[in-house]
Amino acid sequence: MRVRLEGVSVTYRQAGAKLLALAPLTVDIPSGQFVAILGASGCGKSTLVRVVAGLQPATSGSVWLDEVRNTRPHPAVGMMFQDATLMGWRTVFDNIALPLELAGASHAAREARLRALLPMLGLEAWANAYPAMLSGGMAQRAALGRVLAQNPRLLLLDEPFGALDAFTREQLRLDLLALWRDMRQTVLMVTHDIHEAVFMADRLLVFSPRPGRLVADIAIDLPRPRQLDMVYDAEFGVYARAARAAMV
Amino acid sequence: MRVSFPITMSRSANTWTRRLAPLLTLVLVLAAWQLVFALRLYPTFLIPSPQMVWEKAAQVLRDGTLWAHLLATSEAMVWGLLWGVSIGTLLGYLIAKLPLAEVLLTPLIVAFQATPIVAYAPLLIIWFGSGMTSKVVTCAVIVFFPTLMNTVVGVRQIPPRLRDLMRALSATRWQTLCKLELPAILPVWLTGLKTSATLAVIGVVVGEFLSADRGLGHWVKLARSQYDTALVFVGVLTMTALALTFYSLVYLLEWRLLKWQRQSRSV
C-alpha cells in the first residue's frame with residue numbers, strides 16, 4: 001500500500017494555547033517499503049502514526065492510502081502499540097483472532113488462518129493460554145499475530161519493542177523482518193532507537209524534537225536479509241552517524 | 001519434583017486449618033452463649049438458650065411458617081436485585097460515558113445514597129402500598145448504589161489503548177460493548193454485585209419492618225412484640241443465612257465467569 005502525506009500537521013489545544021505537535025509534513029512512501037520514523041520522545045512521531053491510522057484527525061493536510069484520501073480507520077491498516085494490549089479475558093487464540101471475529105469471519109475461517117499464523121509466531125503451544133501467563137516477548141508476538149491476522153497491507157508499529165528486554169527485542173526484530181520478507185507490507189515503524197531504525201528499515205525519516213519536523217530522509221542501502229553482526233560494519237556506522245547528526 | 005513434596009504437604013495442612021477455623025469460631029460462640037445462659041445472667045426472655053432456639057427453629061421448619069416468610073423475603077430480594085442492579089448498571093454506564101450524565105446525576109445519586117433509607121422508606125410505602133412493590137423498591141434503592149459505583153469504576157479503568165485497538169479495527173459500538181466493555185468491567189462489576197447481594201436482605205427487611213403482612217422482617221417484628229425471643233433469634237439467623245446464600249450464589253457466578261483470572265494466576 002502506497003502512503004502519501006500532503007502537508008499533514010497536528011496542533012493540540014492546551015489551556016487555550018496552541019501547541020504544534022507535528023509541523024506540516026509531505027512525504028511519499030511507495031508500496032512495500034519499510035520506513036522507520038526516528039526521533040526523540042515527544043517529537044510527534046506517535047501522533048503521526050495515529051493520524052495515518054485514522055485514530056486522530058490531522059489539523060491540516062491529507063493522508064492518501066493507495067490514492068484514496070483516508071480519514072478513518074482502514075481495514076487494510078494494522079496498528080501495533082508499545083505494549084501488547086491483549087485482552088486478559090481472551091486466550092491467545094481469541095486475542096489473535098479478534099480482527100477476524102470483528103470482521104465476521106466464521107470459526108472455521110479463523111481456525112484456518114491461525115493454524116497458519118501461530119507457528120510463524122512460535123505460539124502454537126500457547127494458543128489456549130491467557131495473556132497473564134505470557135512473557136513480555138510472547139505477549140508482543142501475540143500482538144503482532146493479531147495485527148497480521150487481519151492481513152494488513154500497511155503495518156503501523158508504534159515503538160513495538162520498546163517495552164522488551166534487549167535480547168527479546170533483538171529476536172523479535174529478526175522475526176518481524178523474516179515475516180515481512182514474505183509478506184512485503186508497507187511498514188511505518190516509530191522508534192527512538194537509532195540502531196533499530198538503521199537495522200530494520202529501507203528508509204529513515206528523522207524528526208526534530210518539538211515541534212516534530214522532518215529533518216532528514218535517509219535511504220538505507222544495506223543488503224537484506226539483515227544480519228545481527230551487520231551493526232559492526234563500517235557502512236552501518238555511517239548510516240547511524242548520519243541519523244544521529246540529523247537528530248541533534 | 002522431590003523438592004516440591006514437603007511444600008505441598010505444608011500447604012495442604014494450611015488449607016485444613018483455614019477450613020476448620022470458621023467452624024471453631026462457631027463452636028466458641030455457641031459455647032459462650034450456652035455459658036451466659038447457664039450462669040443465669042439474664043432472664044430467658046432476653047437470652048434464650050441455644051437449645052431453645054434450636055427447638056423453635058425445628059418447630060417453625062416443621063409447620064412451614066419459616067418457609068413461607070423465607071420465600072416472601074427471597075422473592076422480594078430477587079426482584080429488588082434485578083431492578084436495582086439493572087438500573088445501577090445502566091446509570092453507571094451512562095455516567096462513565098457521558099460527562100453530562102455525570103454532572104446531572106451525581107448530586108442526585110449521592111444525596112439519595114447519603115439519606116438513611118429507614119428515614120424515607122415510609123414514604124415509599126405510602127407511594128407503593130404495603131405489599132410486594134414497596135419491599136422491592138426499598139431493596140432496589142439500597143442495592144443499586146454499589147453496582148452503580150463499580151460499573152463507573154469498571155468502565156473508567158478500561159485502558160485507552162484497548163479502545164484505540166477497537167477503533168483501529170473499525171469495531172461497531174455494539175462490538176465494542178460486547179467484546180471490550182462488558183468483559184472488561186465484569187470483575188469489578190461482580191465485586192459490586194457481591195456487596196449488593198448482601199445489602200438486598202437489609203433493603204427488603206427494612207420494607208417488611210415498616211409495613212408488610214409476610215416476610216422475615218414482618219415475622220421478627222411480630223415475634224418481638226410477643227416477647228418470643230427464641231423466634232426473633234430464629235428469624236434473624238434465617239436472615240443471616242439468606243444473605244450468605246445470596247452472597248455465595250454471586251461468588252459461584254464469579255467463579256464460573258472469571259475462570260480466566262484463576263487460570264492466569266495458577267502459573
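The values are calculated or read from the model by the stated rules, or taken from the named source; none is laboratory data. Since we're looking at a predicted model, the values are computed, not measured. Using ideal geometry, Cβ is built from the backbone for each residue, glycine included, and neighbour counts are taken over all protein chains shown. Note: areas computed on protein heavy atoms with side chains; ligands, DNA, RNA excluded. Shrake-Rupley method; radii C 1.70, N 1.55, O 1.52, S 1.80 Å.
Observations on the structure shown:
- Averaged per residue, chain B has 60 square angstrom of accessible surface, using a 1.4 angstrom probe with ligands and nucleic acids left out.
- Long-range amide H partners of A:V215 with built H, under 5 Å: A:V206, A:F207, A:S208
- Alpha carbon Rg of the range B:66-258, scaled by the compact-globule rule 2.2 N^0.38 Å: 1.18
- Rounded to the nearest 10 square angstrom, B:K135 shows an accessible area of 10 square angstrom against a 1.4 Å probe.
- Net charge dipole size for the protein assembly as shown [Lys, Arg +1 and Asp, Glu -1 on Cβ; Debye, nearest 20]: 340
- In units of the compact-protein estimate 2.2 N^0.38 Å, the range B:1-152 shows a Cα radius of gyration of 1.62.
- Sequence-separation-based contact order of the range A:33-142, relative, with Cα cut under 8 Å and 6+ spacing, percent: 23
- The helix-based estimate of mean residue ellipticity at 222 nm for chain B, built from -39,500 (n - 2.57) per DSSP H run of four or more residues and divided by its residue count, is -28500 deg cm²/dmol to the nearest 500.
- Over the range A:3-247, the fraction of Cα-Cα pairs per 10 Å bin, rounded to whole percents and listed from the shortest bin up, is 7, 31, 35, 21, 6, 0.
- Between the C-alpha center of the range B:204-223 and that of the range B:154-174 there is a gap of 47 Å.
- Helix axis angle, A:136-149 relative to chain A longest principal axis, alpha carbon, degrees: 90
- On association of chains B and A, roughly 2100 Å² of accessible area becomes buried (total for both chains; probe 1.4 Å).
- Per residue of B:158-168, other chain Cβ atoms within 10 Å of the residue Cβ number 6 on average.
- Average beta-carbon neighbours from other chains, 10 Å sphere, peptide A:85-92: 5
- Highest-first arrangement of B:118-128, A:132-142, where packing means the average Cβ count within 10 Å: A:132-142, B:118-128
- Total formal charge among the other residues, if their Cβ is under 12 angstrom from that of A:R4, Lys/Arg +1 and Asp/Glu -1: -2
- Relative to the Cα centre, the charge distribution of the range A:3-247, modelled as +1 at Lys and Arg Cβ and -1 at Asp and Glu Cβ, gives a dipole magnitude of about 640 debye.
- Computed on protein heavy atoms with a 1.4 Å probe, the accessible areas place A:L20, B:L186, A:L48 in the order A:L20, B:L186, A:L48, largest first.
- Taken one residue at a time, the phi angles of the range B:153-161 give Karplus couplings (6.51, -1.76, 1.60, θ = phi - 60°) of 4, x, 5, 5, 8, 5, x, x, 4 Hz. Gly and Pro are set to x.
- The range A:226-248 versus the range A:129-164: alpha-carbon centroid distance in Å: 26
- Cα-only radius of gyration and Dmax that characterise the protein assembly as shown, units Å: 32.0, 100
- Over 26 Å (Cα to Cα) - which of B:K194/B:K259; B:K135/B:K179; B:K135/B:K194; B:K97/B:K179 fall in this group: B:K135/B:K179
- Taking amide H atoms as placed 1.01 Å from N in the peptide plane, the amide H of A:A21 lies under 5 Å from those of A:V10, A:T11, A:Y12, each 5 or more residues away in sequence or on another chain.
- Shielding of A:75-83 by partner chains, average beta-carbon count, 10 Å: 3
- What the phi angles of the range B:19-34 give under the Karplus curve with 6.51, -1.76 and 1.60, with θ = phi - 60°, is a coupling list of 6, 7, 3, x, 4, 4, 4, 4, 4, 4, 4, 4, 4, 4, 4, 4 Hz, glycine and proline written as x.
- Amide H to amide H distances under 5 Å link A:Q33 with A:V187, where only residues 5 or more positions off or on other chains count and H is placed in the peptide plane.
- Under 11 Å, Cβ to Cβ, from A:W64 - net charge with Lys/Arg +1 and Asp/Glu -1: -1
- Summary of the geometry: the range B:62-131 and the range B:241-257, compared by the centres of their Cα atoms, lie 19 Å apart.
- Electrostatic bookkeeping for A:L114 treats Lys and Arg as +1 and Asp and Glu as -1; over the other residues with beta carbon under 15 Å from its beta carbon, the sum is +2.
- In order along the range B:190-198, phi translates into HN-Hα couplings of 5, 4, x, 5, 4, 4, 4, 4, 6 Hz, rounded to whole numbers, per the Karplus curve 6.51 cos²θ - 1.76 cosθ + 1.60 with θ = phi - 60° and x for Gly and Pro.
- Full extension of the chain segment joining B:W127 with B:T106 gains 5.1 nm, where the gain is 0.36 nm per residue of separation less the Cα-Cα distance.
- For the range B:161-233, the spread of Cα positions along each principal axis, largest first, Å: 69, 19, 12
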